[in-house]
Amino acid sequence: MEKVLLLCLQLGCPIELSPARYQLIQELRKQNYEIYVFYPGTILNKEIRGQIQHLTNTLNLSKKDIRKKIMDIAPRHVIAFTYEDTRILYYLPLVMKRTSFIYFNLEIYTAYMERYIQPQGFLFHIRCRAAYLPNKVKEMIYTKQCKLFVIQDALRKRIAKKYYLSHPNTLLIPNSYIYYDEGKWGANRHGMIYSGSMNKNVLKSLVEGMDALPDLPITLSGVTDEWFRAQYKKICKGHPSIKVHEQKLSPEAFTEYLKQFSVGLIWYSPTKDENINNIGMSSGKLFKHLSLGQPVIVPECPGMSRVVERYKLGIVIHDSSELKEAYEQIMDNYSYYQKNIKYAYKTKFDYAKVIQPFLGQLKNF
């Protein structure tokens with residue numbers, strides 16, 4: 001049984017909430033690989049944890065310790081997902097010649113991302129730059145030495161190249177989910193659902209326009225911050241149909257929760273971070289809604305809005321003032337949008353199908 005090791009060191013991103021990671025683990029198990037996962041914490045979801053034969057909690061391990069453990073395991077394949085992983089692995093392809101290293105990239109690491117990490121204060125911009133440069137160089141070294149580079153679509157492939165990441169062997173795999181049969185889509189649906197982070201960075205452009213909207217059946221679910229809670233107190237007075245559920249759910253509970261809604265509302269506020277502005281087909285939110293047969297309302301984000309328009313999967317809006325009209329248009333033509341979703345998802349986006357070229361290459365390394 002061949003060993004495959006997944007390095008998942010991105011902080012604040014539980015494996016249970018990362019379909020690219022946990023679905024890959026499930027597919028690798030089906031292929032009879034022996035799975036090792038390095039992760040800074042514990043995995044609470046029993047089903048996902050049960051797919052992993054060897055789990056190493058890296059919270060108290062140094063970079064040197066992690067590298068030593070990887071070399072001791074001597075896996076046949078090692079998979080990195082973000083720069084947090086590549087800054088550990090960057091030179092190992094040069095010394096572990098019998099191991100194939102892969103970069104299954106989930107985030108394009110930009111200098112702007114350090115603004116979310118470094119504390120504000122004295123020399124903030126210099127500290128951001130000082131942290132970014134060595135990490136970026138290590139990511140470049142790893143990418144150059146790995147055997148396969150994966151990214152979600154042609155747009156993100158182009159943006160990654162702008163940030164010095166390119167590879168002659170590149171696969172485009174959307175950050176999608178396994179297709180749910182229509183019988184599991186749910187019935188008696190109503191209203192719009194936004195799920196995810198509820199903070200100023202993500203929702204500022206949406207929330208600031210809500211006060212002028214008519215009362216709409218919108219539910220926002222996820223984790224809030226002080227800014228959002230203050231905004232919601234203002235909005236809810238004149239909009240009793242706008243609800244907020246602050247919660248963290250398991251993948252199974254999250255799926256069941258979403259099924260009660262008619263339309264998925266996806267939102268990303270404009271930012272200088274090109275990883276977010278060019279979210280494209282790396283948006284797990286987009287594919288989660290589509291996998292459940294839910295039409296979507298999305299802002300004008302490059303890549304993502306183009307997919308929605310091309311396959312007629314929902315409505316693209318310029319700002320929140322267009323929410324009412326978009327929702328009514330979808331509800332008036334609901335079967336039309338669901339028919340489009342079913343065709344596009346089954347032929348283009350079903351994870352069980354799009355992951356096959358990756359698994360095929362893994363066997364041939």
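Values in this text are rule-based calculations from the coordinates and carry no lab data. Fair warning: this is a prediction, and the values are worked out from it, not measured in the lab. Reconstructed Cβ throughout: ideal geometry from the backbone, glycine too, with neighbour counts over all protein chains shown.
For this structure, a couple of remarks:
- With Cα atoms, 0 to 90° folded angle of helix 19-30 axis to the chain main axis: 50
- Taking trypsin sites (Lys or Arg not before Pro) as exposed when their DSSP state is a loop state and no more than 10 other Cβ atoms lie within 10 Å, the longest site-free interval of the chain runs over 99-236.
- Length-normalised contact order of the chain in % [C-alpha pairs under 8 Å, at least 6 apart]: 14
- Filtered chymotrypsin sites (Phe, Trp or Tyr not before Pro), the range 138-194: DSSP coil and at most 15 other beta carbons within 10 Å: Tyr164
- In order along the range 71-79, the phi-based Karplus estimate (6.51 cos²θ - 1.76 cosθ + 1.60, θ = phi - 60°) of 3J(HN,Hα) comes to 5, 5, 5, 6, x, 6, 9, 10, 10 Hz; Gly and Pro are listed as x.
- Estimated FRET transfer efficiency when R0 is 22 angstrom, pair Arg158-Lys312 (beta carbons, to 0.05): 0.30
- Taking 14 Å as the straight-line reach from the Cα of Lys346, the aspartates and glutamates in range (excluding those fewer than 8 positions away in the same chain) are Asp181, Glu182.
- One decimal place: the segment Ile73-Ser166 gains 30.6 nm when fully extended, by the rule 0.36 nm per residue minus the C-alpha distance.
- Of all aspartates and glutamates in the structure, the ones whose alpha carbon falls short of 20 Å from that of Lys64, not counting any fewer than 8 places away in one chain, are Asp72, Glu84, Asp85, Glu139.
- Interchain or long-range residues, amide H under 5 Å from Thr219's placed H: Met192, Ile193, Tyr194, Lys243
- Those lysines that a straight Cα-Cα span of less than 28 Å connects to Lys237, excepting residues fewer than 8 apart in one chain: Lys200, Lys204, Lys248, Lys259, Lys324
- Helix 124-145 vs. the chain, principal-axis angle (Cα, 0 to 90°, nearest 10): 60
- For the chain, the longest principal axis of the Cα atoms and the long axis of helix 200-210 meet at an angle of about 10 degrees.
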